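Presented below is the structure to which this report refers.
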Amino acid sequence: MIELEEVWRTYRLGGEPIHALAGISERIEAGEHVAIMGPSGSGKSTLLHVLGCLDRPTAGSYRLDGQDVTQLEDDALAELRGHRIGFVFQAYHLVARLSAEANVELPMVFLGVPRGERRRRAAAALEAVGLLDRRRHRPAELSGGQRQRVAIARATVMRPRLLLADEPTGNLDSAAGAQVLDLLDQLHAEGITLVVVTHDPEVARRAGRVLVLRDGRVAARLAGSELGGLERALGRGKPGP
Amino acid sequence: MRELLRFACEALLAHRLRSALSVLGIAVGIAAVTLLTAIGEGTRTYILEQFTQFGTNVIGINPGKTETFGIPGVLGGTTHKLTIEDAEALARLPHVRVAAPVSLGQARVEAEGRGRSVHVFGVSADMVEVMKLRVRQGSFVPPGDPRRGAPVAVLGPTLARELFGEKSPLGRFVRIAGARLRVIGVTEPKGQILGYDLDDVAYVPVATALRLFHQQELFEIDVVVTHESLVEQVVEAIRRTLVERHGGREDFTITTQAAMLEVFGNVMRIVTMTVGGIGAISLLVGAIGILTIMWIAVGERTPEIGLLRALGARRRQVVAVFLAEAVVLAFAGGVGGLLAGLGLARAVQLLWPGLPLQAPPEFVVAALAVSAAVGLAAGVLPARRAAALDPVEALRAD
Ligand SMILES: Nc1ncnc2c1ncn2[C@@H]1O[C@H](COP(=O)(O)OP(=O)(O)O)[C@@H](O)[C@H]1O
Ligand SMILES: [Mg+2]
């Protein structure tokens, strides 16, 4: 469970301070599937990074599963990221020199999981994304969709309770994107808390709840099914079906 | 920890050429230090062995006080000469096995139409003991009163060969400084010290030499002590005895093998260190190479560093990865350089078979430790830079 209270993230670059997050108070229940939308620069990625304990709020409090994480030391945050949180990025962020399998093993290497266990869990995670037969392939030998599925296997191999995805289908065509989204849906169905940043209404539609950010604030909260409202909230003015 | 090392090695293998070049940088440095130190150390031990072949229980006494006053004999008053009688007095001291009077001259030695300019040593029978000489043919200068100079000569093997070829020189005559001397013996080969042929010499009775070269004074008295541990004690006794005999003046210089070896050993050690230091400069260049490569690697792998942090890696682990990479590069260079250096030393040894090149085991250990330390030092800045990256910024750097 996520509880944000008056969370600010302010960048100071000499002159005017930039408020990437400007007082966000939000509660995301365990097992929810939330989409975050909003125009470019509205603070979506910043919010995701704060949720993922990769960035610290400038002000406000963030409680993850009841624990105030704003007070935690660096190492404790790393521990949280390693065991409780999974990240999926638009650009995959696979390590080019490593095989799919080694990429999936990577978090376990740094968390001290013994080798045999690593092998086993990496194989299971690759199996779950349907890429066990590609485990020896390097990222360059995989398609975009396959790369993102390897990244999902890596993000879930430690069985985190929270999965954060920043435009996971942004670089994919619709078929590959759909495959990735199906995987995320499946993970959600298995009980993971899923937060997905997206520009794509089709992606957002799958979420139980959509947060629309504007200038670092939550401008609207919608149900995933309220796509028409979503379109209006985004100001695209595209007629609904 | 082992897993991080593996991860680091994989990263290095991803840039084979670049890694190989930085390994090479360190290898050249270590090889240079190894080779130069081996040559220095080998030369030192070689020369020491040459000197110690006479034994460390030998004490030399020369006329004149060089240690304190610099130039001998310039001090006013009468200086007493070093004489055969002095040698006889020293021979009576306790723990002294022999005290051999030595004079030295340079002369042309002629026989059967051939001639050769060599050093002529005036010695007593005791010289055999001092120089550990062995006689190959005939006999050495006979024992007896050293003041009686018989007209005889003993030849070193080189001189004997040069003058008489394959013929036996025994019983034949040589002419030295106008005198006719009968050859009574030829010594066994002694070899060379620092290029000086110990076998290209002639030995004559000390009184004969003093007469031939018109000398009033000995060149040296060599005292052989019964045991090495008594050298200090005997040196004092010699000093007292000679000071008393020379009217209260210390107008002579006593040199022990130990003192000589120490001075010489120190000089050689400084040479070795200087030469090794020159090699160390190339090691420094190699270290800068690693620093540069690792600095570039951190820049290139910034998104990867962000990713590792997102996956739960601690700052310390990021530091460990980059330090490990630097150390692995340097250590590989250390091993390669050591092997290359020892190989080169072998090759040098084939060229100069006499030179025993030495790389003592503690040097090998030190070379490897130094290369690892060099890697650690070179890795610190890049690793700290990597750890200091903000993970969000790092991820964005793609
Ligand atoms: N490191 C930074 N320094 C200064 N401003 C930043 C930095 N990171 C993000 N911002 C600003 O914060 C705002 C939100 O950024 P971001 O969360 O990346 O937006 P989004 O993901 O919605 O496009 C933007 O105005 C951006 O320019
Ligand atoms: Mg963004």
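In chain A, the calculated helix contribution to ellipticity at 222 nm averages -10500 deg cm²/dmol per residue, counting -39,500 (n - 2.57) for every DSSP H run with n ≥ 4.
Projecting the Cα atoms of B:His15, A:Leu21, B:Ile59 onto the charge dipole of the protein assembly as shown (Cβ charges, centred on the Cα centre) puts B:His15 farthest toward the positive pole.
Neighbouring Cβ atoms from other chains, within 10 Å of the Cβ of residues in B:256-266, number 0 on average. How about B:Lys81: which lysines have a C-alpha closer than 28 Å to its C-alpha, ignoring those fewer than 8 places off in the same chain? Reachable lysines: B:Lys65, B:Lys132. Taking every alpha-carbon pair in the range B:231-360 and binning the separations at 10 Å intervals from zero gives 9, 20, 18, 15, 14, 10, 7, 5, 2, 0 percent. At full extension, B:Leu21 and B:Arg134 could sit 34.9 nm farther apart than now, given 0.36 nm per residue minus the alpha carbon distance. A full extension of the chain between B:Arg148 and B:Ile281 corresponds to an added length of 41.6 nm, given 0.36 nm per residue minus the alpha carbon distance. The length gained by stretching the chain between B:Gln349 and B:Ala366 to full extension, at 0.36 nm per residue less their Cα-Cα distance, is 3.9 nm. Peptide A:108-115 shows a mean partner chain C-beta count of 5 within 10 Å per residue C-beta. Placing unit charges on the Cβ atoms only, positive for Lys and Arg and negative for Asp and Glu, gives chain A a dipole magnitude near 580 debye about its Cα centre. Taking every C-alpha pair closer than 8 Å and separated by at least 6 residues, the mean separation divided by the residue count of the range B:97-186 gives a relative contact order of 31 percent.
Evaluated with a Cβ-only charge set (Lys, Arg +1; Asp, Glu -1), chain B carries a dipole of roughly 560 debye about its Cα centre, given to the nearest 20. When the Cα positions of B:Gln215, B:Ala330, B:Met260 are compared along the charge dipole of chain B, B:Ala330 comes out farthest toward the positive end, with charges on each C-beta of Lys, Arg, Asp and Glu.
By DSSP, the beta bridges lying fully in the range B:79-250 are antiparallel in about 75 percent of cases. In chain B, Cα pairs under 8 Å separated by at least six residues give a relative contact order of 29 percent.
Close amide H partners of B:Val201, meaning residues 5 or more places away or on another chain with modelled amide H under 5 Å apart, are B:Gly156, B:Thr158, B:Leu159. Given axes a ≥ b ≥ c from the Cα gyration tensor, I'd like to know whether chain B is rounded (a/c under 1.5), prolate (a/b larger than b/c) or oblate. Prolate, because a/c is 1.5 or more and a/b exceeds b/c. With all pairs of different C-alpha atoms in the average, the Kirkwood value for the hydrodynamic radius of chain A is 18.5 Å. Using only the C-alpha atoms, the convex hull of the range B:253-310 corresponds to 92 Å³ per residue. Projecting label points 7 angstrom from Cα along Cα→Cβ for B:Ala14 and A:Met1 puts them 4.1 nm apart. The aspartates and glutamates whose alpha-carbon is closer than 13 Å to the alpha-carbon of B:Lys167, local same-chain residues fewer than 8 away aside, are B:Glu112. Cα-based values for the range B:301-378, radius of gyration first and Dmax second, are 18.9, 63 Å. Each residue, A:Glu79 and B:Ser117, gets one label point 7 Å from its Cα in the Cβ direction; the gap between the two is 8.9 nm.
Proximity of backbone amide H atoms, modeled 1.01 Å from N, is registered between A:Ala219 and A:Val212, A:Leu213, A:Arg214 at under 5 Å, excluding neighbours fewer than 5 places apart on the same chain. The dipole here belongs to the range B:79-250: it is taken about the Cα centre, uses +1 on the Cβ of Lys and Arg and -1 on the Cβ of Asp and Glu, and is about 660 debye.
Adding -39500 (n - 2.57) for every DSSP H run of four residues or longer, then dividing by how many residues chain B holds, sets the calculated 222 nm ellipticity at -18500 deg cm²/dmol. Annotation: average projected area of the range B:79-250 is 10.3 square nanometres, based on the convex hull of Cα atoms across all directions.
Along the charge dipole of chain A, pointing to its positive end and built from +1/-1 on Cβ of Lys, Arg, Asp and Glu, which listed residue (A:Ala204, A:Thr193, A:Val129) has its Cα farthest out? Farthest towards the positive end: A:Val129. A simple spin-label model places pseudo-atoms 7 Å from Cα toward Cβ; at A:Arg97 and A:Ala59 they are separated by 4.5 nm. Both the radius of gyration and Dmax for the protein assembly as shown are 44.1, 137 Å, in that order, over alpha-carbon atoms. Peptide A:148-159 shows a mean partner chain C-beta count of 1 within 10 Å per residue C-beta.
Taken together, the values in this text are just the output of simple stated rules run on the coordinates, not laboratory data. None of the values given here were measured: they were computed from a predicted structure. We place every Cβ from the backbone using ideal geometry, glycine too, and count neighbours over all the protein chains shown.
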